[in-house]
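Notes for the one structure printed next.
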Amino acid sequence: MKDPYKILGLNKGASKEEIREAYRKLARKYHPDQYVNNPLSDLAEEKMKEINWAYNYLMNEAPDRAGGSNNYGYNSDSRYIQVRDLINRNRLLEAERILDSIGSRDAEWYFLKGIIYMRRGWYDQGYRHISRAAGMDPGNEEYRAALNNMAYQASSYRQAGRGMEGDGCDACDVCTCLLCSDCCCECMGGDLITCC
Amino acid sequence: MSFLFGYVRPCKEELKVKEYNMFRAVYCGLCKTLGQSANQLCRLGLSYDFTFLALLLIALDEEEPRLAQESCLANPFRKKAVVKRNRHLEYAADMSNIFTYLKLVDDWQDEHSIRALLTMPVFYLPVKAGRRRYEDKYNFFRELLQELTALEASQNNLLDKSADLFARIMTGIFTPDYIEGEREKRVLRFLGYNLGRWIYILDAYSDLEEDLDNSNYNPLILQYEYRKGEGLESFKKRIQEPVEFTLTYTLSNLAKGYELLELHRYKEILDNIIYMGLYRVMRNKLEGSDGKGERSLQNTGTE
């Protein structure tokens with residue numbers, strides 16, 4: 001069994017307050033929102049489980065709640081469903097082949113194409129395609145959430161750097177936390193972080 | 001285009017003295033290993049980027065690196081802590097030599113750069129030795145560089161596509177064969193990809209002026225369709241926002257990969273490089289108020 005203190009980066013005998021603080025920091029770092037459309041999301045999920053386990057173990061709570069799932073929403077075209085399924089299983093080449101064979105280029109098409117680009121590391125094309133989808137179908141929340149999420153990830157990277165400058169910068173911490181809780185309530189509806 | 005190196009560096013003023021000394025010890029260790037790899041001139045190829053590679057690989061190793069107090073050519077009278085030669089330093093030195101050599105060959109073929117031709121022999125022997133040891137990697141890099149040259153010759157106008165080839169070279173550099181864990185390998189590959197992508201795009205941005213003047217290939221000029229008479233400054237202004245966004249997003253992914261690694265040491269230094277050093281180098285290059293920008297790290301973060 002792994003040492004739960006080590007997992008949370010704490011010394012043995014840390015107080016409950018310290019445990020809560022460490023947990024909050026780590027949960028923010030490995031939260032699924034931070035790994036949306038990231039090919040390493042499964043590893044982050046493992047890490048998140050480990051952190052949850054350590055936290056619950058130390059706080060003497062019942063272990064593990066159900067984790068968030070990263071399934072996409074619904075769509076009527078069966079080929080789109082197939083493409084989404086392949087993307088979820090990281091079979092990007094097949095997904096792209098099917099997508100390219102579809103004649104009509106609607107918002108959903110641009111969205112899925114954008115997601116494939118994102119997974120491949122082609123963030124610029126990814127962002128352009130998803131923006132285009134959101135422009136074609138402004139009412140679609142999934143498209144908008146994907147764009148917001150990219151902006152959120154980039155900004156939380158900047159916040160992390162700022163938080164390290166000099167001696168602790170609490171204002172930034174608060175800001176990241178707000179952003180994070182805001183986003184996790186909006187997109188996930190999950191309760192992985194106890195603070196939101 | 002040419003790859004200026006040295007983008008991957010810590011933000012010195014935010015390091016503690018203790019941490020700075022540890023960084024120096026790895027830097028000097030790599031320098032010495034390069035010197036031993038064949039001839040002293042190889043040290044010319046030393047860059048911060050490969051120091052970062054060595055630092056990261058040593059940080060991932062459970063075994064504590066051994067230190068020695070040594071003096072060196074640059075500083076003959078003062079002894080300093082130096083990390084003793086180990087397999088990570090050897091690997092980073094070999095990669096540095098191979099990569100520098102391939103770049104020189106490429107520059108010579110591409111631009112008939114006399115400087116490249118004259119520098120090549122320095123790296124010839126160490127590369128010949130390294131090639132046998134890293135046959136697969138050598139061929140992998142060579143093929144990708146050739147593909148990149150071909151893509152540039154065909155005036156490819158997709159930034160992502162050109163960056164992808166360079167990024168893939170970096171996946172090779174960041175995954176030494178001796179790393180066996182699949183999980184660790186996957187993360188390192190991802191980290192290398194994003195670092196390579198970031199370097200390539202940032203370099204393209206830094207080279208805009210030179211490339212416009214000389215009508216060289218530059219994916220940004222093509223993707224954002226530089227208009228004749230538009231002028232460098234207004235073009236930069238036009239593209240800065242999307243370029244900065246894609247670069248920052250790339251760094252955020254690099255950081256995501258990094259956070260999934262299990263480090264045994266150097267966390268403060270690596271955190272510093274990833275969250276502050278890279279970001280500041282990028283900001284300075286994007287603001288571009290300082291020509292080549294190499295000294296710009298002195299100006300601390302006003303945004």
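What follows is calculated from the coordinates using simple rules that are stated; it is not laboratory data. Here the structure is a predicted model, which is why all the values come from computation and not from measurement. Reconstructed Cβ throughout: ideal geometry from the backbone, glycine too, with neighbour counts over all protein chains shown.
One table, with the values for the structure above:
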quantity	calculated
Integer Hz, Karplus 6.51/-1.76/1.60 couplings in order for the range B:178-195, x for Gly and Pro	6, 7, 9, x, 4, 4, 4, 4, 4, 5, 5, 4, 5, 4, x, 4, 5, 5
Neighbour-count ranking [beta-carbon atoms within 10 angstrom, fewest first] of A:S155, B:S37, A:S15	A:S15, A:S155, B:S37
Neighbour-count order for B:H88, B:H264, fewest beta carbons within 10 angstrom listed first	B:H264, B:H88
Violating pairs (Cα-Cα greater than 27 angstrom) within the set A:K25/B:K267; A:K25/B:K236; A:K6/B:K16; B:K161/B:K228; A:K49/B:K161; B:K84/B:K185	A:K25/B:K236; A:K49/B:K161
Burial ranking of peptide ranges B:176-185, A:25-34 (average Cβ count within 10 Å, highest at the top)	A:25-34, B:176-185
Rg and Dmax of the range B:147-278, Cα atoms only, in Å	16.8, 54
